[in-house]
1. Go through region A:209-232 and give me each residue that's modelled with pLDDT of 95 or more and under 29 Å from B:R39 (Cβ atoms).
2. Being among the charged types (D, E, K, R), more than 20 Å from B:E293 (Cα to Cα) and not assigned by TED's automatic domain parsing to the domain that holds B:F14: is that true of B:D101 here?
3. So which of B:D276, B:D259 is among the acidic types (D, E) and either outside the structural domain of B:I181 (by TED's automatic domain parsing) or out of contact with any strand residue (DSSP E or B) (no Cβ under 8 Å at 6 or more places or on another chain) (or both)?
4. Of the residues A:P50, A:P41, only one is outside any strand (DSSP E or B), in contact with a strand residue (DSSP E or B) (Cβ under 9 Å, 6 or more places away or on another chain) and more than 26 Å from A:H253 (Cα to Cα); which?
5. I'd like to check something: does region B:25-43 contain any residue that is within 25 Å of A:L75 (Cβ to Cβ) and touching a residue at least 60 places away in the same chain (Cβ under 8 Å)?
6. Considering only region A:140-198, state which residues are of a type in the set (K, R) and within 21 Å of A:T228 (Cα to Cα).
7. Those residues that are part of a helix (DSSP H, G or I) and open to solvent by 10 Å² or more (accessible area, probe 1.4 Å), I need them from region A:161-171; list them, please.
8. Residues that are within 25 Å of B:N67 (Cβ to Cβ), without any contact (Cβ under 8 Å) to a residue 12 or more places away in the chain and open to solvent by 10 Å² or more (accessible area, probe 1.4 Å): which helices (runs of 4 or more DSSP H) entirely in region A:62-150 hold 1 or more of them?
Protein chains: 2
Amino acid sequence: MHTAPLMKSVLLHFDDDLDPATQLARAANLTPRQVERHRFPDGEIKLRLPGTLPAHVVILRSLNDPNAKLIELLLAAQTARTLGTTYLTLVAPYLAYMRQDIAFRPGEAVSQRIVGQFLAGLFDAVITVDPHLHRVTSLHEAVPIKQAIVLSGAPLLSDWIAARRQHPMFIGPDEESAQWIAMAANRHGFDHAVCRKVRHGDRAVEVTLPDVTVRGRCTVLIDDVASTGHSVARAAELLLAAGAASVDVAVTHALFSGDALQVMQDAGIGEVWSTDCIAHASNVVSMTGTIAEALARLEQNLT
Amino acid sequence: MHTAPLMKSVLLHFDDDLDPATQLARAANLTPRQVERHRFPDGEIKLRLPGTLPAHVVILRSLNDPNAKLIELLLAAQTARTLGTTYLTLVAPYLAYMRQDIAFRPGEAVSQRIVGQFLAGLFDAVITVDPHLHRVTSLHEAVPIKQAIVLSGAPLLSDWIAARRQHPMFIGPDEESAQWIAMAANRHGFDHAVCRKVRHGDRAVEVTLPDVTVRGRCTVLIDDVASTGHSVARAAELLLAAGAASVDVAVTHALFSGDALQVMQDAGIGEVWSTDCIAHASNVVSMTGTIAEALARLEQNLT
């Protein structure tokens, strides 16, 4: 007697994510399929998905430099729904627009809620790593979706550092990250503290060191995300001036733009380590296994 | 006795549309207000609208190079709804993604429907000019919205040509445009015909002239949109080889990308004329008055 095998879940990805998609598909036992993408001379894009899809489809897309990618997700998700998919999961190791979570001045777009609702309208589940949530307590508030799953890069970054630095002290560049830094440090019983930061512009920040003794210590500036590198550069200069033996940087999301690496190097920073949530030369920690485990738990609940 | 005046409708626009927005606001008796836009180094954008808005708000945005603009519209429209707006009109002189109206191969995203539904979810009315609709008969099919209003650049382009060419013959570069060409030509009783076109790629097209005598005639290649310029360039070469006295080009949407103007000039084309639906050096016809009249009719129906 023959029974038709259930069609394995498919992992859809784009051409620029071939390597991470191949790894994730292998780890999570998914069938990888590349979305065909054509960019017209006028800036429009055309997408083609496989002609038939299983009930559960996962789309892998890290949402750094997000605007065009969000339109691609709109096209891909709505098309998948017409090809047999009933449950659609977004794996966005980096989730965009999570920082504008209130209107700081009247009239400002609260892009966290708007983009969150946009994604919730397209997907049934979202899996992400260290989203930048400050004034909301759960990802579900920002992305009101059936399953809003948050993973963290902190444990693996902490393990990476533990293997390379003697009794390091973890320093967070701002108070917002205090809880996250504590979690990363406590895994190995490391000392930790956070700076105070006042931001005057994209590249103008004022940093004050915490009231701890850093003289002779291996310090590591650790955060969920770094962009221009100016905040960590300023903190590094202060740490070195205060006698720190070394300053390295570890971030989940290497969102580094423009001359960020140079800015950090000029400030005396030694190593820069990141997870592979955003592809970057500094990637040293792979989140593939962690994401694959989350997908396995999700699939188990689906059947 | 005092009565509070009704708050005049507002025309929201972006910094790169200051001139057309100022003209449209004056012609349509709207209060122009610029959306504040900040682009972060990581590619995210932050928008700020006026802190309070009237019941009817119009957003002006021509959707050439559409992807980032569509995300901006998502942010702006959803924010306007929180600031007092109950009726939201999009004026998109050029509407993007109208050409992919079916899945030519299984799995293709039917972006016309998907983007149309996306816009319909944000706005109550859309006003556009010469959308590229072929297999659907009304804009409402593509953008299922309360009011889907289609205007045409053909009458004003026809008038412009009538004032500058003796007994011109209007030639459409492909059969899809036959009806539109006929409308433009009939306004002044001009001869008209259409070529046959087979497309092999973005820049590879095969064109066959219609069976009409063009020797000694002032011909004008006229269409709703031109992008790379390759189709009209090929048609122009054939027309000149067949003895046409001159070939000019008139389009509603000057979507010209890259070296399009050079390609057309090299093919022997004389003048290139367009409406201001997409800002371009070839703009000679303003659609402001036509759009303002449509807005006035719309406002009348709202009160």
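The values are calculated or read from the model by the stated rules, or taken from the named source; none is laboratory data. Fair warning: this is a prediction, and the values are worked out from it, not measured in the lab. FYI the Cβ positions are ideal-geometry reconstructions off the backbone, even for glycines, and counts take in every protein chain you see. SASA here: full protein model, heavy atoms, side chains in, ligands and nucleic acids out. Shrake-Rupley method; radii C 1.70, N 1.55, O 1.52, S 1.80 Å.
1. Correct list: A:L221, A:I222.
2. For B:D101, the condition - among the charged types (D, E, K, R), more than 20 Å from B:E293 (Cα to Cα) and not assigned by TED's automatic domain parsing to the domain that holds B:F14 - is not met.
3. On inspection, the qualifying residue turns out to be B:D259.
4. A:P50
5. no
6. Listed by number, the residues that qualify are A:R196, A:K197.
7. A:A162
8. A:66-81, A:111-122
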